[in-house]
Amino acid sequence: MRTATQDAYGNPTEMTFGVQVLLIANIAAYVIEHIFGFPLSHFGALQADWWTTFGFWQLITYQFIHQGLGHLFSNMLGLYFLGPETERALGTNRFFALYFLSGVLGGLGWSLLSYGGATCVGASGAIFGILGAYAALYPNREMIIIFFPFMPIKAWLFVLLIGAYEFMHTLAVGSGGHIANSAHLGGGIAGYIYALVVAHPDALHKIKEKFRRKEKPPVSRAEIDRILDKATQQGLHSLTSHERALLKRAGKQ
């Protein structure tokens, strides 16, 4: 069966495989816990001190556990609308890597700022990773926010505003009570960087080249001979600091 969603312009697009799998997995986990009563949260929620019990699996399992229907719906809505275009741009395998990497790094960031006994659940870190990736891939794409239907906003600006909001709340309340703002922030940053590197594989090389100090050209043999002749005839004390530097560079050559 072919399912369809809409892109940022409202045009229908075919639902992608990766998004379908993640939607089904998240909804299935919610049904198993809240309908059938199987306590997934007891062993799958991310504990702030997970490393003391070597609970590495929690960095993955917490992403599929949600506190309530509203929590699940808001995360799946973001996945439904932003996921397909992001997956088509990155490819399914890289989309899965983006999803889980953002969720894991978001969870790590949250746990570093949290205290023992606190728990974190939900796919928000991964969804913010998709949002960050979307802004990296389509920075000038205009998005229509459902809370402000008549105010289109460019993706890069929307992510910047959301990031500033999450950052301020992270500074104000640390891991932050009911909402793990640090997980959102960490996931969003991870997703943005990941998509930027994947979509522009030469970006890091260009940045390195831009900030790398330009290598100085080799000193010519004629210049070396001139400096040596001067030193022989007039003494080393007669050499300028520039000429001494040229001799030193020539020695390294």
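Just one of (1) outside any helix (DSSP H, G or I); (2) at pLDDT 80 or above; (3) not aromatic (Phe, Trp, Tyr) trips up LYS214, so point out which.
(2)
Determine the pairs where a residue that is outside any helix (DSSP H, G or I), located within the range 131-143, has a partner that is at pLDDT below 95 and charged (D, E, K, R) with Cβ atoms under 8 Å apart, the partner being 6 or more residues away or on another chain.
Close Cβ pairs (under 8 Å, with a partner that is at pLDDT below 95 and charged (D, E, K, R)) amount to TYR138/GLU85; PRO139/LYS154; ASN140/LYS154; ARG141/LYS154; GLU142/LYS154; MET143/LYS154.
Give me the pairs: first residue in the range 180-197 and in the same structural domain as LEU46 (by TED's automatic domain parsing) and surrounded by 24 or more Cβ atoms within 10 Å (Cβ to Cβ), second residue in a helix (DSSP H, G or I) and acidic (Asp, Glu), beta-carbon distance under 6 Å, and six or more apart or on different chains, which are they?
Close Cβ pairs (under 6 Å, with a partner that is in a helix (DSSP H, G or I) and acidic (Asp, Glu)) amount to ASN181/GLU166; HIS184/GLU166; LEU185/GLU166.
Filter the range 40-58 down to the residues that are of a type outside the set (Phe, Trp, Tyr) and either touching a helix residue (DSSP H, G or I) at 6+ places or on another chain (Cβ under 7 Å) or in a helix (DSSP H, G or I) (or both) and list them by number.
LEU40, SER41, HIS42, GLY44, ALA45, LEU46, GLN47, ALA48, THR52, THR53, GLN58
Restricting attention to the range 19-28, does a residue exist that is surrounded by 19 or more Cβ atoms within 10 Å (Cβ to Cβ), closer than 13 Å to GLY122 by Cα, touching a Gly at 6+ places or on another chain (Cβ under 9 Å) and modelled with pLDDT of 90 or more?
yes
Quick check: is even one residue across the range 50-68 more than 19 Å from the chain's Cα centre (by Cα), buried (at least 19 other Cβ atoms within 10 Å of the Cβ) and modelled with pLDDT under 90?
yes
Taking GLU85, is it closer than 28 Å to LEU161 by Cβ and touching an Asp or Glu at 6+ places or on another chain (Cβ under 6 Å)? Walk me through it before giving the result.
Numbers: closer than 28 Å to LEU161 by Cβ: yes; touching an Asp or Glu at 6+ places or on another chain (Cβ under 6 Å): yes.
So GLU85 fits the description; yes.
Within the range 164-178, which residues are at pLDDT 55 or above and either surrounded by fewer than 20 Cβ atoms within 10 Å (Cβ to Cβ) or of a type in the set (Asp, Glu) (or both)?
Here is the first cut: in the range 164-178, the residues at pLDDT 55 or above are 164-173.
Answer for the range 164-178, where residues must be at pLDDT 55 or above and either surrounded by fewer than 20 Cβ atoms within 10 Å (Cβ to Cβ) or of a type in the set (Asp, Glu) (or both): ALA164, TYR165, GLU166, PHE167, MET168, HIS169, LEU171, ALA172, VAL173.
Using the structure shown, decide if LEU72 is within 27 Å of ARG141 (Cβ to Cβ), of a type in the set (A, V, I, L, M) and within 16 Å of the chain's Cα centre (by Cα).
For LEU72, the condition - within 27 Å of ARG141 (Cβ to Cβ), of a type in the set (A, V, I, L, M) and within 16 Å of the chain's Cα centre (by Cα) - is not met.
Please determine whether any residue of the range 115-122 is surrounded by fewer than 19 Cβ atoms within 10 Å (Cβ to Cβ), within 21 Å of the chain's Cα centre (by Cα) and under 17 Å from GLY191 (Cα atoms).
Within the range 115-122, none of the residues are surrounded by fewer than 19 Cβ atoms within 10 Å (Cβ to Cβ), within 21 Å of the chain's Cα centre (by Cα) and under 17 Å from GLY191 (Cα atoms).
For the range 94-140, give me each residue that is under 21 Å from GLN67 (Cβ atoms) and of a type in the set (Ser, Thr, Tyr).
Hits for the range 94-140 are TYR99, SER102, SER111, SER114, TYR115, THR119, SER124.
The values are calculated or read from the model by the stated rules, or taken from the named source; none is laboratory data. Everything quoted here is computed from the prediction, not taken from an experiment. Please note: Cβ atoms are built from the backbone with ideal geometry, for glycine as well, and neighbour counts cover all protein chains shown.
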